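First the structure, in the form of structure tokens, and then the observations on it.
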Amino acid sequence: MEQTPYEYDVLVIGAGGAGLRAAIEVSAAGASCGVICKSLLGKAHTVMAEGGMAAAIGNVDERDDWKVHVTDTLRGGQYLSNPKMAEIHAREAPARALELEAWGALFDRTKDGRILQRNFGGHRYPRLAHVGDRTGLEMIRTLQDHGIHHGIDFHMEYTVFRLLLDDGRVAGALAYDRERGRFRVYRAKAVVLATGGIGRAFKITSNSWEYTGDGHTLAYDAGADLIDMEFVQFHPTGMVWPPSVRGILVTEGVRGEGGILLNSDGERFLFDEIPALYKDQTADSAEEGWRYVVGDRDARRPPELLTRDHVARCIVNQIKSGKGSPHGGVYLDIAWIKEKISNSEDHIRKKLPSMYHQFKELAGLDITKERMEVGPTTHYVMGGVRVDAESQMSTVPGLYAAGECAAGLHGANRLGGNSLSDLLVFGQRAGAYAAAFAKEHGDVRLDQASADAGIREALQPLERERGEGPYQIQYELQDLMQEKVGIVRVESELEQAVEEIDRLSERAKAVSAPGNREYNPGWHTALDLHNLLVVSEAVARAGLLRRESRGAQFRDDYPQKEEHFGKVNIRVARGADKEMVVEEIPVEPMSDELTRLVEEMG
Amino acid sequence: MAATRFRIWRQEGAEGEGGYRDYTTEVTEGMVVLDAVHQIQAESANDLAVRWNCKAGKCGSCSAEVNGNPRLMCMTRMSDLPTDRPVTVEPMRAFPVIRDLVCDVSWNYEVKKKIQPFEPRPPDAEDGTWRIAQEDVERVQEFRKCIECFLCQDVCHVLRDHHLHDEFVGPRFFVYNAALEMHPLDTGDRLSALKQDEGIGYCNITKCCTKVCPEHITITDNAIIPLKERVVSEFYDPLKKLFRVFSGGSAA
């Protein structure tokens with residue numbers, strides 16, 4: 001099965017914001033760069049990001065700076081973030097945003113012509129640079145259009161299923177082409193994982209088919225550590241009706257523009273559930289909340305802009321207590337602002353154009369006139385590959401990770417808007433350090449035997465003529481994760497989930513997807529199963545070990561925060577017998593300066 | 001709703017002989033064409049090839065022709081289609097088929113590479129930033145909404161019927177040119193390329209592209225016509241022509 005490998009100094013896996021930003025940096029450093037992506041260029045999940053990119057530029061409120069941003073991020077992450085990463089992120093996000101403008105991105109403007117910033121949950125000041133509600137599209141297109149002139153090779157519609165190692169160091173990857181089923185071998189001195197998240201392990205998700213935990217699993221299989229896998233973000237507002245669109249994201253920007261959440265009794269229930277940590281920063285009345293929305297600097301933010309973990313849980317409680325909407329959600333109302341401004345319909349269409357179209361075309365509903373029905377949807381995983389804060393290198397030499405598939409910045413909960421800036425800040429760093437690593441370290445040897453073995457293994461589902469198909473296992477896993485490892489967790493159910501995942505993993509080993517190699521979605525699903533099962537097991541086991549409720553993890557049997565667990569991250573790695581090892585490790589220490597800042601800002 | 005009939009294009013490889021195959025599947029409330037295609041894939045055509053991603057009209061992957069109309073399958077509701085005859089689903093016809101509903105759109109990526117990239121003027125402020133009025137941003141934002149679904153390319157008769165892919169870049173890339181030419185910071189000049197290499201003259205403004213754009217970009221009126229006007233005033237303005245003769249510049 002000898003094949004001529006494609007050779008690069010740095011191979012980037014994934015072409016969303018983080019992958020593209022990394023690739024641009026690699027080529028700027030004079031290193032050769034290949035990018036492999038599962039879809040066509042420009043279609044990655046970044047395109048779905050709506051609200052904006054958090055960067056403390058201070059254009060709208062000059063009191064904002066990196067110091068406020070880092071403390072907001074740490075508080076939002078319930079102090080489980082890697083503090084050094086949070087600091088780097090807050091310090092460098094403004095430069096990354098401005099650089100995007102130099103590459104052609106056009107953000108909305110302030111009256112004096114600077115980049116406009118909007119309010120978002122958990123951010124003390126208006127901080128999100130944005131373009132209406134399609135900021136992700138602006139970002140990915142800017143990076144794409146800039147990147148295509150940098151001599152980067154793009155391998156579109158290829159899926160990586162195995163990393164290759166040379167004496168413990170990363171040496172390349174194996175991939176297959178979706179349309180034709182051909183294999184490709186890549187040799188590289190360094191590899192950057194930028195594969196995004198794991199949403200497809202759950203039944204209701206805002207994520208596309210691509211989000212099957214590829215980077216997490218590639219790293220895990222190669223011997224790298226994962227951390228924080230128990231923290232899966234359920235975005236409070238996904239569409240719930242009609243059934244075929246269930247889970248599709250409704251941007252937090254709707255609430256940023258004044259949208260309010262109501263139960264079936266018409267009560268604005270979040271006013272009754274403001275957590276102590278945010279009491280001082282949250283409005284007392286609807287009137288104060290509205291003043292905040294329209295930019296009164298003395299007003300505090302409305303409770304709809306509390307962190308996502310909290311809002312999602314409150315929505316679940318409303319639904320459980322019988323105060324939900326007809327299709328199992330609650331109401332999100334932006335149309336009400338007609339009481340406050342005269343041209344509200346135009347205003348909504350202008351500020352939230354893609355939300356307007358999404359509801360108009362998919363649900364036949366006019367958000368300028370009617371209330372939306374929304375409910376939580378699996379959106380983002382805070383956990384991922386454990387990386388060095390400065391370089392983004394994993395615990396495997398030469399293997400880097402950036403963006404959603406890396407962990408450390410967001411801790412127990414991510415603030416909205418901190419993802420787009422994460423992609424750029426750490427994509428840039430991963431690219432720079434990977435290129436430097438490739439230069440400093442010599443060539444790698446490609447182990448042909450292990451490449452051949454990887455390919456043979458990948459072909460097995462095609463060759464098994466008899467056996468269970470892959471879809472049933474995938475559906476059962478998604479149901480299981482949704483039911484037992486979802487927003488509200490409890491020990492007995494998590495234990496059942498771990499056992500059940502073990503049984504599903506055994507079934508997955510004997511799965512059959514006969515047919516030819518050319519575009520065979522059954523075969524692709526069979527290969528994805530391994531990734532989905534690994535990340536699902538990691539989420540369930542880490543969730544089991546963390547016997548407390550914090551951030552995105554809510555344990556019904558341990559509903560409070562426990563001091564002990566505020567000092568540890570959960571590490572997941574593969575043991576000597578390929579069993580999954582889960583253990584506590586201490587949270588990275590905070591510098592004296594940061595400790596002081598956190599104390600000052602409360 | 002109930003059992004609905006579909007006629008779906010099946011084809012193995014670019015050289016393969018394609019044809020319609022009939023399928024039936026149960027359509028329920030709120031379903032879009034992409035849901036139905038996936039359901040058929042799961043029930044009775046496991047190897048049916050279809051490209052998709054976001055399923056929310058934001059990525060532009062699932063372009064196809066539904067009952068002969070270029071559409072995003074994820075944004076075409078079944079309830080908006082007539083039920084008295086089968087729903088026809090076939091790949092975009094302006095590009096070679098790879099398999100079934102998936103076609104090879106790589107030509108578009110090659111075209112974009114040849115267009116002169118963005119080149120900003122020097123920053124306006126000492127801190128390296130620019131000052132731009134919101135109204136100048138808005139003029140270009142319309143073009144920047146493009147999700148690169150290539151439905152406008154599919155419907156354009158210069159590409160679809162006359163196959164002038166070597167001489168004409170198509171509506172998508174006139175929109176792209178317009179976004180750059182009208183970008184408040186850009187200093188590039190793409191007019192001669194538009195005239196000579198990109199074939200803007202071939203467009204006879206039938207507005208088919210505007211009609212199919214899922215992002216409702218007014219492609220013809222707001223992008224192509226202004227570009228045509230700029231090309232005309234650059235190359236056919238008698239005063240400019242005279243000026244070029246005397247200044248020794250190359251005449252168009």
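Of note:
- Some residue of segment B:12-19 being more than 14 Å from every other protein chain (Cβ to nearest Cβ), out of contact with any strand residue (DSSP E or B) (no Cβ under 7 Å at 6 or more places or on another chain), among the acidic types (Asp, Glu) and over 30 Å from A:Arg141 (Cβ atoms): yes
- Residue list for segment B:41-61, restricted to those being crowded, with 23+ Cβ neighbours inside 10 Å and in contact (Cβ under 8 Å) with a residue 60 or more places away in the chain: B:Lys58, B:Cys59, B:Gly60, B:Ser61
- Residue in segment A:97-119 that is nearest to the other protein chains (Cβ to nearest Cβ), counting only those that are over 22 Å from A:His357 (Cα atoms) and buried (at least 22 other Cβ atoms within 10 Å of the Cβ): A:Gly104
- Some residue of segment A:62-69 being touching a residue at least 24 places away in the same chain (Cβ under 8 Å), of a type in the set (Asp, Glu), within 14 Å of chain B (Cβ to nearest Cβ) and part of a loop (DSSP other than H, G, I, E, B): no
- Enumerated strands (runs of 3 or more DSSP E) restricted to segment B:50-166, each holding at least 1 residues that are charged (D, E, K, R), facing chain A (nearest Cβ under 9 Å) and within 30 Å of A:Phe107 (Cβ to Cβ): none
- Test for B:Glu90: is it among the charged types (D, E, K, R), surrounded by 15 or more Cβ atoms within 10 Å (Cβ to Cβ) and either under 30 Å from A:Ala102 (Cβ atoms) or in contact (Cβ under 8 Å) with a residue 60 or more places away in the chain (or both): yes
- Hey, A:Asp309 free of Cβ contacts under 8 Å to residues at least 24 places away in the same chain and over 30 Å from A:Ala435 (Cβ atoms) or not: no
- Within segment A:81-95, one or more residues are closer than 30 Å to B:Lys145 by Cβ, out of contact with any His (no Cβ under 6 Å at 6 or more places or on another chain) and aliphatic (A, V, I, L, M).
- Test: residue in segment B:225-242 that is aliphatic (A, V, I, L, M), crowded, with 19+ Cβ neighbours inside 10 Å and over 22 Å from B:Glu119 (Cβ atoms): no
- Test result for A:Asp556, out of contact with any Gly (no Cβ under 7 Å at 6 or more places or on another chain), surrounded by fewer than 15 Cβ atoms within 10 Å (Cβ to Cβ) and touching a residue at least 60 places away in the same chain (Cβ under 8 Å): yes
- The criterion of at least 1 residues that are over 18 Å from the mean Cα position of the chain (by Cα) is met by the following strands (runs of 3 or more DSSP E) wholly inside segment A:351-435: A:372-381, A:399-401.
- Checked against the criterion of being within 16 Å of the chain's Cα centre (by Cα), assigned to a loop (DSSP other than H, G, I, E, B) and not basic (Lys, Arg), segment A:269-290 contains not a single residue that satisfies it.
- Whenever a residue of segment B:218-229 is in the same structural domain as B:Phe173 (by TED's automatic domain parsing), its partners that are not in a helix (DSSP H, G or I), lying with C-beta atoms within less than 7 angstrom and at least six residues away or across chains, give the pairs B:Ile219/B:Cys213; B:Thr220/B:Ile205; B:Thr220/B:Lys207; B:Ile224/B:Cys203; B:Ile224/B:Ile205; B:Ile225/B:Ile205.
- Just one residue in the set A:Gly259, A:Gly199 is buried (at least 24 other Cβ atoms within 10 Å of the Cβ), in contact with a strand residue (DSSP E or B) (Cβ under 8 Å, 6 or more places away or on another chain) and within 14 Å of chain B (Cβ to nearest Cβ); that residue is A:Gly199.
The values are calculated or read from the model by the stated rules, or taken from the named source; none is laboratory data. Predicted model only: the values in this text are computed from it and were never measured. So basically every Cβ, Gly included, is an ideal-geometry build from the backbone, and we count neighbours across all protein chains shown.
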